[in-house]
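Novice: This is the structure, below, for whatever I ask next.
The values are calculated or read from the model by the stated rules, or taken from the named source; none is laboratory data. Just so we're clear, the structure is a prediction, and the values are computed from it rather than from any experiment. Neighbour counts run over all protein chains shown; Cβ positions are idealised from the backbone, glycine included. Heavy atoms of the whole protein, side chains included, go into the accessibility calculation; ligands, DNA and RNA do not. Shrake-Rupley method; radii C 1.70, N 1.55, O 1.52, S 1.80 Å.
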Amino acid sequence: MTAQDVQKGAQPKSLYAAHEKIYPQRVFGRFRMIKWVALCVLLGLYYLAPWLRWNRGAGVPDQALLIDLPGRRAYFFWIEIWPQEVYYLAGLLMLGAFGLFLATALLGRVWCGFTCPQTVWTDLFLWVERWIEGDRNKRMKLDKEPMSVRKIGLKLAKHGVWLLIALLTGGAWAMYFDDAPTLLRNFVTLSATPTQYGFIALFTATTYLLAGWAREQVCIYMCPWPRFQSAMFDERTMLVTYEEWRGEPRGKAKAIAADGSKLGDCVDCGLCHHVCPTGVDIRNGQQLACIGCGLCIDACNGIMEKVGRPLDLITYDSIYNQVQRSAGQPTQHRFVRARTVFYAIVITLIGAAMVLSLSLRSRLDVSLQADRSPLFVRLKNGDIQNGYSIKILNMIRQPGDYSITVTGIDGLRIKVIGDDDNIVTVPGDTVGTFRLLLHAAAKDLHDESTPIHVMIEDQTTHETSSHDAIFRGPAK
């Protein structure tokens, strides 16, 4: 706004557009069916997975998928992850990230359009809204009506079903962190802990707000993925696109252009815009808000069939093929490209490293800590004593016997407090803490710091864990 406008009393222009509620219209077609299948499969897995059982023996949780925070374990069928193995989580996150990069480079925003939780639950909430309030025109009309008993009843019914779905969602999420049957029984009988009720309420509220109220605003404003996913695109990436060369100039089916020329295939019905869950008009080109769900393709193909024109005016194709088709040249899909090969190699390497690590990982973990005060003790006979705290983690369910040997100094004597034969026992699935004392003759020490080597060996499996340490003595 200029100074002259201010002097004239003109109102300043707002830098922010007011939110306009989107009323997606019902549509039928191939992509809509794919979305229904994805929704049913993903929701089925989400709600049913906590109820799967896996026998791990007595005294161990039998839930197949469980993150046991009090027990400090994560269970995935036959795989058991300890807290110090959190690097497997980093590996899973890297696999997910590069898998998403690969899928985006190949198929565009297929994650956003079909499998993202925000998309799946918003789709479910929209289905409930249509079921109770009707399709697009009926919902728009209902929102414009003055408040009445009928309107209040429909709104209460819709939000009631939304809250029920949100509660089931929040409860199912909490079941991944607690035994599902036990949590359900405690929840129903009002004997669950305040923490359990609090987290279920939190997940219920976020589901209700994000899927019921925020909807497309999560995709457009909150999610960071749309802002850099285009970096994974190239001219061969499959995208939802509008064949402008064929559709323009647009106009009614039987109309002609102002100059008497023939109009394009687009009849300007606006249905592609009306069915979009994020309110995008794909005819305006690629946009950040487009999630690539393909519902506009189904809508446009339905209209093209009715007016007797070729299908796929809006299509799922690459920019390269669009250019080729507009020039009358043959098209070609090319999925093997430099970036897709790179992503596939990275995924393979990470996956192979994780599988190899899981298959070769040790079931014995040892930590060794030397005393810091005093560094050493001179005994009555002149020998030097060093003390160490040793922790042995037995990562199997059965008790284990472990021998302790130390090398590096001639004549070194070993004593484990509470044990006479230097063999200690650690119960299964437990950390054993022991006090280790080492005695050496002063004449055998040639420096104030002498390297030593401590080895712990499982007497059953003969698996070993070795550690380098320092034996302290007086300065020479």
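Novice: With a 10 Å radius around each residue's Cβ, average the other Cβ atoms per peptide and rank 43-54, 278-289, highest first.
Specialist: My ranking of the peptides, most packed first, is 278-289, 43-54.
Novice: With a 1.4 Å probe and every protein chain left in place, work out the accessible area per residue of region 328-389 in Å², rounded to a whole number.
Specialist: The answer is 67 Å² per residue.
Novice: Evaluate the Debye formula for region 133-270 with equal point scatterers sitting on the alpha carbons, no solvent, and hand back log10 of I(q)/I(0) at q = 0.09, 0.12, 0.13 Å⁻¹, in q order, two decimals.
Specialist: -0.59, -0.86, -0.91
Novice: With n ≥ 4 as the cut-off for DSSP H runs, can you work out [θ] at 222 nm for the chain, using -39500 (n - 2.57) per run divided by the number of residues, rounded to the nearest 500?
Specialist: Working: 14 runs with 177 residues, N = 476.
Mean residue ellipticity at 222 nm (helix-derived): -11500 deg cm²/dmol.
Novice: Tell me, what is the 1.4 Å probe accessible area of HIS467, in Å² to the nearest 10?
Specialist: 50
Novice: Could I ask something else about it? Starting from the Kirkwood Rh over alpha-carbon pairs, what translational D in µm² s⁻¹ does region 146-204 have by Stokes-Einstein at 4 °C and 1.567 mPa s?
Specialist: 102
Novice: Right, something else. Kirkwood hydrodynamic radius, region 347-434, all distinct C-alpha pairs: what's the number in Å? Walk me through the numbers on the way to the answer.
Specialist: Numbers: mean 1/r = 0.0631 Å⁻¹.
This gives a value of 15.8 Å.
Novice: Here's something else I'd like to know. Of the accessible area of the chain, with the probe set at 1.4 angstrom, what percent is carbon plus sulfur?
Specialist: 64
Novice: Find the percent of Cα-Cα distances in region 101-191 that exceed 21 Å, and round it to a whole number.
Specialist: 55
Novice: For all pairs of alpha-carbon atoms in region 136-176, what percent lies in each bin of width 10 Å, listed from the first bin to the last filled one?
Specialist: Per 10 Å bin, starting at zero, the Cα-Cα P(r) for region 136-176 comes out as 26, 36, 21, 15, 2 percent.
Novice: Compute the Rg/Rh shape ratio of the chain: radius of gyration over Kirkwood radius, all on alpha-carbon atoms.
Specialist: The Rg/Rh ratio comes out at 1.16.
Novice: For region 16-67, with equal point scatterers placed on the C-alpha atoms only and solvent neglected, what are the log10 I(q)/I(0) values from the Debye formula at q = 0.15 1/Å, to two decimals?
Specialist: The calculated log intensity ratios at q = 0.15 Å⁻¹ are -0.67.
Novice: Now for a separate question. Relative to the longest principal Cα axis of the chain, at what angle does helix 338-360 sit, 0 to 90 degrees, rounded to 10?
Specialist: Orientation of helix 338-360: about 30 degrees from the principal axis.
Novice: While we're here: Could you grab the Rg to Rh ratio for region 86-151? Cα atoms only, Kirkwood for Rh.
Specialist: That ratio equals 1.29.
Novice: Among the Cys residues of the chain, which have no other cysteine Cβ under 4.7 angstrom away?
Specialist: CYS40, CYS112, CYS116, CYS219, CYS223, CYS266, CYS269, CYS276, CYS290, CYS293, CYS300 - these cysteines have no disulfide-compatible partner (Cβ-Cβ under 4.7 Å) in the chain.
Novice: Where does region 420-476 land on the Kirkwood hydrodynamic radius, alpha-carbon pairs, in angstrom? Display every interim value, and only then the final one.
Specialist: Values: mean 1/r = 0.0720 Å⁻¹.
Roughly 13.9 Å, rounded to one decimal.
Novice: Given a 1.4 Å probe, how much area per residue of region 86-239 is accessible, in Å²?
Specialist: Result: 51 Å² per residue.
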